[in-house]
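One structure is given here, and the rest of the page talks about it.
Taken together, the values in this text are just the output of simple stated rules run on the coordinates, not laboratory data. Fair warning: this is a prediction, and the values are worked out from it, not measured in the lab. Quick reminder, even Gly has a Cβ in these numbers, built from the backbone with ideal geometry, and neighbours come from all protein chains shown.
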Amino acid sequence: MKSPSVSICIPTYNRPFFLLKAIRSCLTQTYKDFEIIVTDNSESDKTKELIKSLNHPLIRYYKNPENIGGLNNIIKVLKLAKGKYIKFLMDDDLLKPTCLERMVKVLETYPSVGIVMSPMEIINENDERIYPVFYMIKKMYSLYRYQKGSALINKKKILTDFLTTVYPCCVPTGIMYRRECFKKLGTFDQKAAFAIDVEICMRIALEYDFYYLDEILSSWRFNKYSDTIHLHQKGFDINIFYYITEKYLNNEKTKSLFNENEWKKIVRKAYLFASKRSVLAIISGIRTYNYSIIYNSIKIICRRDKFFLNKLLLPISILYEIIKGILSWFKKNKI
């Protein structure tokens with residue numbers, strides 16, 4: 001049989017209620033040439049029974065004999081994909097009806113593009129759009145709104161931003177990958193732990209351009225069961241930010257994209273950006289009154305960031321972000 005153009009990959013764990021909504025959002029797509037692959041880490045058979053009740057020919061379901069862990073489940077579902085393009089869908093997220101159509105069109109039009117990305121709306125447990133406050137000061141109207149207007153983004157620009165400024169995209173639900181990227185560059189790097197999605201995007205940026213679609217094509221669910229929310233509440237190993245930074249600073253392909261003067265600036269700014277991301281763990285410690293997280297995070301930042309200037313600039317940079325967040329809030333609320 002002919003392979004589908006798109007593989008929608010859904011790794012799942014103990015969330016049949018949300019999974020049903022995710023699958024329904026797939027089945028309402030205007031683009032019809034796809035398969036749905038579900039790999040299930042659940043201990044119970046509730047998800048298995050749900051898939052059986054749907055009895056849909058587009059769904060391929062695999063129950064893991066035991067819980068193989070979230071990262072391995074993501075890697076497994078990717079290996080099972082047959083499509084030319086890969087569309088991950090986290091089991092509690094949703095796709096807008098035109099998501100596949102819009103993203104496939106880009107990949108068919110631009111052979112140099114490895115990733116199509118688009119911003120995501122934020123929804124609650126009842127599928128209602130919400131605007132939560134992140135990091136105690138930043139009201140979020142959407143995730144990963146990279147710029148105004150859709151455009152082709154060359155690999156040098158996108159990799160520079162990943163290293164020094166912002167994650168242009170990250171959450172797999174908001175992305176479509178060209179499957180050949182994984183064949184050429186390998187699967188997810190488990191050493192990147194919670195940031196495997198960031199790492200694979202940076203790896204693809206070494207070889208491919210990106211395309212940004214400036215329209216909401218998916219929904220990210222903000223709820224107490226979210227892995228991301230849980231991670232930010234309990235804290236995380238900030239060494240991962242430095243691991244990813246150093247992995248790409250030490251890659252000759254990264255260095256070849258820049259001239260000598262550009263490279264010196266990139267290196268210092270990359271470490272500063274890793275330190276800024278690491279401050280998120282300090283914020284987690286403040287929110288939970290966990291002084292051990294705060295102390296250890298500061299210690300790691302001081303040890304891992306190679307630039308003394310960065311240690312001076314970091315608090316200034318954080319203060320700037322706080323002021324910018326407050327001003328943005330006043331502007332949005334017209335106060």
Legend entry - Check: the chain dipole with +1 on Lys, Arg Cβ and -1 on Asp, Glu Cβ, in debye: 720 debye
Legend entry - In order through region 193-202: 3J(HN,Hα) via Karplus (6.51 cos²θ - 1.76 cosθ + 1.60), integer Hz, x for Gly, Pro: 6, 5, 10, 4, 5, 5, 4, 5, 5, 5
Legend entry - Rounded Å value of the spacing that divides the Cα centres of region 163-217 and region 246-295: 18 Å
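Step through the table entries Lys79/Lys156; Lys32/Lys82; Lys191/Lys269; Lys32/Lys84, compare each Cα-Cα distance with 20 Å, and write down the pairs that go over it.
Working: Lys79/Lys156 29 Å; Lys32/Lys82 15 Å; Lys191/Lys269 23 Å; Lys32/Lys84 14 Å.
Check vs 20 Å cut-off fails for Lys79/Lys156; Lys191/Lys269.
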Legend entry - Integer Hz, Karplus 6.51/-1.76/1.60 couplings in order for region 298-309, x for Gly and Pro: 4, 5, 5, 4, 5, 7, 8, 6, 7, 10, 4, 4
Inset, instruction - Quick one: check the C-alpha center-to-center distance for region 127-158 versus region 1-62, whole angstrom. - result: 27 Å
Legend entry - Other-chain or far-sequence residues with amide H under 5 Å of Ile130's (modelled H): Ile122, Ile123, Asn124
Inset, instruction - Quote the FRET efficiency, to the nearest 0.05, computed for Val166 versus Asn55 with a Förster distance R0 of 41 Å and r equal to the Cβ-Cβ distance. - result: 0.40
Legend entry - Stokes-Einstein D (µm²/s) once Rh is taken as the Kirkwood radius of the chain over alpha-carbon pairs, at 4 °C in 1.567 mPa s: 62 µm²/s
Legend entry - In order through region 19-26: 3J(HN,Hα) via Karplus (6.51 cos²θ - 1.76 cosθ + 1.60), integer Hz, x for Gly, Pro: 4, 4, 5, 4, 5, 4, 5, 6
Inset, instruction - Set the Förster radius R0 to 51 Å, insert the Cβ-Cβ distance between Tyr289 and Glu101 as r into 1/(1 + (r/R0)^6), and round the FRET efficiency to 0.05. - result: 0.60
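For region 6-230, what does the relative contact order come out to in percent, with C-alpha contacts under 8 Å and a separation of six or more? Numbers along the way, then the final one.
Working: 434 pairs, mean separation 56.8, N = 225.
It comes to 25 percent, rounded to a whole number.
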Legend entry - 5 angstrom amide H check on Ser218, placed H, neighbours 5+ away: Lys96, Glu121
Inset, instruction - Between Ile323 and Ser150, with labels modelled 7 Å along Cα→Cβ, what's the label distance in nm to one decimal, could you check? - result: 3.8 nm
Inset, instruction - Identify which of Asn261, Asn154, Asn251 has the largest mean-square fluctuation in a Gaussian network model of the chain, with springs joining Cα atoms closer than 10 Å. - result: Asn261
Inset, instruction - Report the calculated FRET efficiency for Lys63 and Glu260 (r = Cβ-Cβ distance, R0 = 45 Å), to the nearest 0.05. - result: 0.25
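Nearest 5 percent is fine: what portion of the DSSP beta bridges confined to region 6-230 is antiparallel?
Details: 14 of 38 bridges.
Roughly 35 percent of the DSSP beta bridges within region 6-230 come out antiparallel.
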Inset, instruction - Enter the per residue convex hull volume of region 1-92, computed from alpha-carbon coordinates, in Å³ rounded to the nearest integer. - result: 90 Å³
Inset, instruction - Specify, per residue and in Å³, the volume enclosed by the convex hull of the alpha carbon atoms belonging to region 235-333. - result: 126 Å³
Legend entry - Label-point gap, in nm, between Arg268 and Leu249 - each point 7 angstrom along Cα→Cβ: 1.2 nm
Legend entry - Those residues of region 78-94 whose amide nitrogen sits under 15 Å from the label point placed on Glu180, 7 Å along Cα→Cβ: 83-86
